[in-house]
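Below you'll find the structure, written out as structure tokens, and then a few comments.
The values are calculated or read from the model by the stated rules, or taken from the named source; none is laboratory data. Here the structure is a predicted model, which means the values were calculated and not measured. Here the Cβ is made from the backbone with ideal geometry for all residues, glycine too, and neighbour counts use every protein chain on show. With ligands, DNA and RNA removed, areas are computed over all heavy atoms of the protein, side chains included. Shrake-Rupley method; radii C 1.70, N 1.55, O 1.52, S 1.80 Å.
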Amino acid sequence: MSNLITIERHILEQQRLFPEAHGELTDLLTDVAFAAKLVRKEVVRAGLADILGFTGSTNVQGEEVKKLDLFANEQIISAIGAHGRFAVMGSEENEEIIIPTNNESGNYVLLFDPLDGSSNIDVNVSVGTIFSIYKLKTSDPTKANLADCLQPGAEQVAAGYVIYGSSVVMVYTTGHGVHGFTYDPTIGEFLLSHENITTPKSGKYYSMNEGSYAQFNESTKKYLDYIKTEDKATGRPYSTRYIGSLVADFHRNLLTGGVFIYPPTTKHQNGKLRLMYEANPLAFICEQAGGRATNGRDRILDIQPAELHQRTPLYIGSTDDVIVAEEFEQGKR
Ligand code: AHG
Ligand code: MN
Ligand code: MN
């Protein structure tokens with residue numbers, strides 16, 4: 001039993017790599033793990049509590065909001081906001097930034113997607129939570145503002161996600177590798193299960209919503225035709241794996257190898273996925289695991305954000321597979 005390492009203990013050990021952080025990073029990530037436990041509690045019993053279905057409202061994204069989206073959002077804001085470690089937050093479900101009541105001692109920024117894969121909530125398919133943490137730029141935490149939330153992804157100090165699936169796994173990085181923890185409900189802890197995750201240089205899966213084929217530009221269509229053409233030397237055709245929950249598709253490709261692509265479409269000219277709380281945190285994790293994440297041309301982590309909810313095309317996963325997709329996107333193939 002002695003080799004059981006809880007996420008809190010692992011974070012504390014990671015803390016030693018940041019002598020200047022004085023324990024704050026440990027507190028932040030411990031807060032996030034705590035909030036994940038609160039969300040998990042309801043997600044795994046979603047069919048029993050009155051949190052299935054739609055709320056009847058739409059969010060800033062123009063998407064219908066599900067009860068579990070809001071529940072997860074409220075849990076994270078109240079659980080984490082109460083601890084006063086974050087000076088400002090940004091959530092997919094809130095149009096404006098969130099200033100926690102007692103933020104006077106907060107030195108960090110939390111951006112998050114409280115419930116990723118909403119379309120899958122009511123049908124018992126894996127969903128997740130994605131989070132991204134930055135240092136506050138404003139010197140006085142009580143004056144934290146939107147500019148603190150609009151830092152390039154390369155400035156992240158930590159990022160991670162929780163996937164509520166057949167088991168509940170929390171994955172995070174602080175820039176020192178990627179580590180995964182599986183929730184053990186018998187003791188209520190996330191236990192280290194995937195230390196130092198590295199992603200294969202190439203895989204055999206591609207994840208795209210082919211239902212949008214008619215909305216894709218010609219280069220994307222050419223890539224799709226290529227990846228499905230038989231060619232033993234390059235391991236083609238790849239197999240399609242598309243769950244409709246980014247965090248689940250990303251997690252599978254991270255472990256087995258593969259590429260996830262949400263390209264520009266006629267409906268979403270800049271892609272559908274959000275830069276600040278979907279693309280950036282997963283890009284940080286992907287690069288830390290040896291993978292690659294771009295918008296088809298530019299490194300995701302280098303994009304200078306202009307808006308909290310801005311979208312980006314996303315090509316993410318095994319380096320060799322992402323590069324091939326980029327070459328099509330850039331008309332080089
Ligand atoms: P969210 O539920 O947080 O809005 O995210 C849904 C996203 C992402 O999880 C998934 O990969 C993508 O939407 C699926 O979009 P399509 O249904 O257009 O393929
Ligand atoms: Mn999402
Ligand atoms: Mn969401």
* Tally of residues being surrounded by fewer than 22 Cβ atoms within 10 Å (Cβ to Cβ) and of a type outside the set (V, I, T) across the range 127-140 -> 5
* **strands (runs of 3 or more DSSP E) fully within the range 47-155 counting 2 or more residues that are within 28 Å of G23 (Cα to Cα) and within 16 Å of ligand 2 (Cβ to nearest atom)** => 86-91, 108-116, 127-135
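Yes/no per residue for (1) under 12 Å from the mean Cα position of the chain (by Cα); (2) more than 13 Å from ligand 3 (Cβ to nearest atom); (3) more than 15 Å from L25 (Cα to Cα):
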{"site": "T101", "(1), (2), (3)": "no, yes, yes"}
{"site": "E104", "(1), (2), (3)": "no, yes, yes"}
{"site": "V109", "(1), (2), (3)": "no, yes, no"}
{"site": "G128", "(1), (2), (3)": "yes, no, yes"}
{"site": "K135", "(1), (2), (3)": "no, yes, no"}
{"site": "S139", "(1), (2), (3)": "no, yes, yes"}
{"site": "K143", "(1), (2), (3)": "no, yes, yes"}
{"site": "L150", "(1), (2), (3)": "no, yes, yes"}
{"site": "G160", "(1), (2), (3)": "yes, yes, no"}
* Structure fact -> The residue from S193, S245, S202 that alone is modelled with pLDDT of 95 or more and open to solvent by less than 40 Å² (accessible area, probe 1.4 Å) is S245
* **G290 vs. criteria away from ligand 2 (no atom under 14 Å from the Cβ) and under 16 Å from K221 (Cα atoms)** => no
* Asked: Do we find a residue being at pLDDT 95 or above, crowded, with 18+ Cβ neighbours inside 10 Å and part of a helix (DSSP H, G or I) anywhere in the range 265-275?
  -> yes
* Of (1) open to solvent by less than 30 Å² (accessible area, probe 1.4 Å); (2) within 15 Å of K201 (Cα to Cα); (3) not charged (D, E, K, R), G235 satisfies all except one. Which? -> (1)
* Mind checking which residues of the range 170-190 are among the hydroxyl-bearing types (S, T, Y) and surrounded by fewer than 16 Cβ atoms within 10 Å (Cβ to Cβ)? -> T182, T186
* When the range 211-254 is examined, which residues are found to be charged (D, E, K, R), free of Cβ contacts under 8 Å to residues at least 12 places away in the same chain and within 17 Å of A325 (Cα to Cα)? -> E218, K221, D225, K228, E230, D231, R236
* Asked: Only one of (1) open to solvent by 40 Å² or more (accessible area, probe 1.4 Å); (2) in the same structural domain as Y108 (by TED's automatic domain parsing); (3) over 18 Å from the mean Cα position of the chain (by Cα) is not met by S167, so which one is it?
  -> (3)
